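Shown next, in structure tokens, is the structure this report addresses.
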Amino acid sequence: MLGSVADAGKPLVVDADGLNLVADTGLGLPPSTIITPHPGEAGRLLGESTATIQSNRPQAAARLTRGTPLGITAVLKGAGTLVAQEGAVESVCLAGNPGMATAGSGDVLTGIIAALLARGMESLAAAELGVWLHARAGDEARAGGGSLIAGDLIEALRLTA
């Protein structure tokens, strides 16, 4: 199924089990694809441990895009989310907070980025703006106190955007 989608020639955001499928099958991704791995998924894609990824996050983010078709963008999630393209880190997002490491938060990020792509943004710009909007929504949601769930990010996004 992912192969058919990849062959459609449209911008693509790949997260979660899609990343596992890429790691397991070696499926090539088309240009303009954005991948959004957390450190464990990045480790699977690169054949390394999560600890190795975490020990040098900028290098890992850059390597996720090295040797890939022009335009593949990687968003390495975590504290100081990194956006890389063409073998180099393009940006670091310092906004956000540890409360965002919750089920569904990455799905919200993927949805934001996909919506920006659907509006015609280029991959790198969509990834960078999506990461920032997601992080700011997380900070806004956390300011209310208490625990943070994915739905809180969506509600805060309305206030942030």
Can Thr50 be described as open to solvent by less than 70 Å² (accessible area, probe 1.4 Å), closer than 29 Å to Ala6 by Cα and out of contact with any Pro (no Cβ under 7 Å at 6 or more places or on another chain)? no
Can you work out which of the residues in region 104-121 that are in contact with a strand residue (DSSP E or B) (Cβ under 9 Å, 6 or more places away or on another chain) and touching a residue at least 12 places away in the same chain (Cβ under 8 Å) is nearest to Ala156 (Cα to Cα)? Leu109
Run His134 past the list (1) surrounded by fewer than 23 Cβ atoms within 10 Å (Cβ to Cβ); (2) touching a helix residue (DSSP H, G or I) at 6+ places or on another chain (Cβ under 7 Å) and report the number of the one that doesn't hold. (1)
Quick count over region 57-103, residues being hydroxyl-bearing (Ser, Thr, Tyr), more than 24 Å from Leu153 (Cβ to Cβ) and open to solvent by less than 30 Å² (accessible area, probe 1.4 Å), is 1
Could you pull out the residue among Ala141, Ala126 that is touching a helix residue (DSSP H, G or I) at 6+ places or on another chain (Cβ under 6 Å), at pLDDT below 95, over 20 Å from Ile53 (Cα atoms) and not β-branched (Val, Ile, Thr)? Ala141
Taking Ala126, is it in contact (Cβ under 8 Å) with a residue 40 or more places away in the chain and surrounded by 22 or more Cβ atoms within 10 Å (Cβ to Cβ)? yes
Taking the condition within 20 Å of Met121 (Cα to Cα), touching a Ser or Thr at 6+ places or on another chain (Cβ under 6 Å) and at pLDDT below 95, does Gly71 pass? yes
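The values are calculated or read from the model by the stated rules, or taken from the named source; none is laboratory data. Worth saying up front: this structure is predicted, and the values here are computed from it rather than measured. Counting neighbours? That spans all protein chains shown, and the Cβs are built from the backbone with ideal geometry, glycine included. Each accessible area value is taken on the protein alone, full model and side chains, heavy atoms only, with ligands, DNA and RNA left out. Shrake-Rupley method; radii C 1.70, N 1.55, O 1.52, S 1.80 Å.
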